[in-house]
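Working notes, structure below.
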Amino acid sequence: MTYVVTENCINCKHGDCVEVCPAEAFHEGANFLVIHPEKCIDCEMCVSACPVDAIYFEANVPPDQQEFVALNARYAELWPVILDKKPAMADAASWHGRPGRRQLLDPAPAAG
Ligand code: F3S
(Lines give C-alpha, C1' and ligand atoms only; values in the text may rest on other atoms or scores of the structure.)
Protein backbone atom coordinates (compact mmCIF):
# COMPACT_ATOMS: atom_id res chain seq x y z
CA MET A 1 0.00 0.00 0.00
CA THR A 2 0.95 3.63 -0.26
CA TYR A 3 -0.41 7.09 0.37
CA VAL A 4 -1.85 9.02 -2.57
CA VAL A 5 -2.01 12.74 -3.36
CA THR A 6 -5.39 13.78 -4.75
CA GLU A 7 -7.12 16.70 -6.43
CA ASN A 8 -6.91 19.22 -3.60
CA CYS A 9 -3.17 19.57 -4.24
CA ILE A 10 -3.61 20.79 -7.82
CA ASN A 11 -2.67 24.48 -8.12
CA CYS A 12 -1.83 24.61 -4.39
CA LYS A 13 1.39 22.65 -3.70
CA HIS A 14 1.66 23.72 -0.07
CA GLY A 15 4.63 21.41 0.36
CA ASP A 16 4.27 20.70 4.09
CA CYS A 17 4.12 17.01 3.18
CA VAL A 18 7.64 17.13 1.79
CA GLU A 19 9.05 18.38 5.07
CA VAL A 20 7.77 15.46 7.09
CA CYS A 21 8.38 12.61 4.64
CA PRO A 22 11.25 10.40 5.89
CA ALA A 23 11.36 8.40 2.67
CA GLU A 24 12.03 11.09 0.02
CA ALA A 25 8.91 9.78 -1.69
CA PHE A 26 7.51 13.02 -3.12
CA HIS A 27 7.97 14.01 -6.76
CA GLU A 28 7.14 17.43 -8.15
CA GLY A 29 5.18 18.48 -11.18
CA ALA A 30 4.42 21.99 -12.36
CA ASN A 31 1.27 22.32 -10.25
CA PHE A 32 0.97 19.05 -8.29
CA LEU A 33 2.97 16.65 -6.15
CA VAL A 34 2.78 12.86 -6.19
CA ILE A 35 3.98 10.07 -3.91
CA HIS A 36 6.11 7.28 -5.32
CA PRO A 37 4.25 4.11 -4.29
CA GLU A 38 7.41 2.05 -4.05
CA LYS A 39 9.20 4.57 -1.82
CA CYS A 40 6.28 5.30 0.52
CA ILE A 41 6.71 3.53 3.86
CA ASP A 42 3.11 4.13 5.01
CA CYS A 43 4.19 6.30 7.95
CA GLU A 44 1.17 8.60 7.54
CA MET A 45 3.12 11.72 8.51
CA CYS A 46 2.10 13.58 5.35
CA VAL A 47 -1.64 13.18 5.91
CA SER A 48 -1.90 15.52 8.87
CA ALA A 49 0.78 17.84 7.47
CA CYS A 50 -1.27 18.75 4.38
CA PRO A 51 -3.41 21.82 5.16
CA VAL A 52 -5.97 20.96 2.47
CA ASP A 53 -6.42 17.23 3.22
CA ALA A 54 -5.16 16.14 -0.18
CA ILE A 55 -3.50 12.90 0.93
CA TYR A 56 -5.23 9.56 1.57
CA PHE A 57 -4.15 6.03 2.32
CA GLU A 58 -4.57 4.07 -0.90
CA ALA A 59 -7.35 1.92 0.53
CA ASN A 60 -9.27 5.03 1.59
CA VAL A 61 -9.05 7.15 -1.56
CA PRO A 62 -12.59 8.47 -2.21
CA PRO A 63 -14.41 6.96 -5.19
CA ASP A 64 -14.25 10.18 -7.20
CA GLN A 65 -10.48 10.38 -6.65
CA GLN A 66 -9.54 6.83 -7.65
CA GLU A 67 -7.83 8.02 -10.82
CA PHE A 68 -5.15 9.61 -8.68
CA VAL A 69 -3.79 6.23 -7.55
CA ALA A 70 -2.52 5.57 -11.07
CA LEU A 71 -1.57 9.21 -11.61
CA ASN A 72 0.71 9.17 -8.56
CA ALA A 73 2.44 6.01 -9.75
CA ARG A 74 2.78 7.33 -13.29
CA TYR A 75 4.16 10.77 -12.54
CA ALA A 76 6.44 9.53 -9.78
CA GLU A 77 8.41 7.87 -12.57
CA LEU A 78 8.49 11.03 -14.69
CA TRP A 79 8.90 13.95 -12.28
CA PRO A 80 11.93 14.89 -10.14
CA VAL A 81 12.15 14.15 -6.44
CA ILE A 82 11.43 17.12 -4.16
CA LEU A 83 13.32 17.08 -0.87
CA ASP A 84 12.70 20.55 0.55
CA LYS A 85 9.54 22.53 1.03
CA LYS A 86 9.04 25.42 -1.35
CA PRO A 87 6.50 28.25 -1.08
CA ALA A 88 2.96 27.26 -2.04
CA MET A 89 1.73 28.36 -5.45
CA ALA A 90 0.95 32.07 -5.55
CA ASP A 91 -2.82 31.70 -5.83
CA ALA A 92 -3.14 28.54 -3.72
CA ALA A 93 -5.67 30.05 -1.33
CA SER A 94 -8.09 30.84 -4.15
CA TRP A 95 -8.23 27.14 -5.08
CA HIS A 96 -9.07 25.76 -1.66
CA GLY A 97 -12.19 23.63 -1.77
CA ARG A 98 -12.76 24.00 -5.49
CA PRO A 99 -13.72 20.66 -7.11
CA GLY A 100 -13.22 19.58 -10.70
CA ARG A 101 -9.52 20.29 -10.93
CA ARG A 102 -8.39 16.98 -12.42
CA GLN A 103 -8.31 18.43 -15.93
CA LEU A 104 -6.01 21.20 -14.71
CA LEU A 105 -3.23 18.80 -13.70
CA ASP A 106 -0.18 19.90 -15.68
CA PRO A 107 1.81 16.84 -16.88
CA ALA A 108 5.03 18.87 -17.05
CA PRO A 109 7.68 18.28 -14.41
CA ALA A 110 8.53 21.12 -12.04
CA ALA A 111 10.77 23.72 -13.57
CA GLY A 112 14.32 23.91 -12.29
FE1 F3S B 1 0.03 19.18 -2.01
FE2 F3S B 1 -0.83 19.12 0.48
FE3 F3S B 1 1.64 18.43 -0.10
S4 F3S B 1 -1.34 20.68 -1.05
S5 F3S B 1 2.18 19.68 -1.84
S6 F3S B 1 -0.19 17.37 -0.77
S7 F3S B 1 0.99 19.58 1.70
Among Gly29, Gly97, Gly15, which one shows the biggest mean-square fluctuation in a GNM of the chain, springs joining Cα atoms closer than 10 Å? Gly97
Along the Cα-to-C-beta direction of Val20, a point sits 7 Å from the Cα; which residues of the range 35-79 have their amide N less than 15 Å from that point? 41-57
I'd like the GluC sites (Glu not before Pro) in the range 1-65 restricted to DSSP loop residues with at most 13 other Cβ atoms within 10 Å, sorted by number. Glu24, Glu38, Glu44
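About its Cα centre, what dipole magnitude does the chain give when the only charges are +1 on Lys and Arg Cβ and -1 on Asp and Glu Cβ, stated in debye to the nearest 20? Don't skip to the answer; put the middle values down first.
On the way: 8 positive and 16 negative charges, 61 e Å.
Approximately 300 debye in magnitude.
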Taking the Kirkwood radius as the inverse of the mean 1/r across Cα pairs, report the Rg/Rh of the range 20-94. 0.93
How much mean residue ellipticity at 222 nm does the chain get from its helices, if each DSSP H run of length 4 or more adds -39500 (n - 2.57) and you divide by all residues, to the nearest 500 deg cm²/dmol? -5000 deg cm²/dmol
Among Met89, Met1, Met45, what's the order by accessible area (1.4 angstrom probe), most exposed first? Met1, Met45, Met89
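The values are calculated or read from the model by the stated rules, or taken from the named source; none is laboratory data. The structure presented is a predicted model; accordingly, all values stated were derived computationally and were not measured. Don't worry about glycine lacking a Cβ; one is built from the backbone with ideal geometry, like all the others, and counts go over all protein chains shown. We work out accessible area using only protein heavy atoms, side chains counted, and drop any ligands, DNA or RNA first. Shrake-Rupley method; radii C 1.70, N 1.55, O 1.52, S 1.80 Å.
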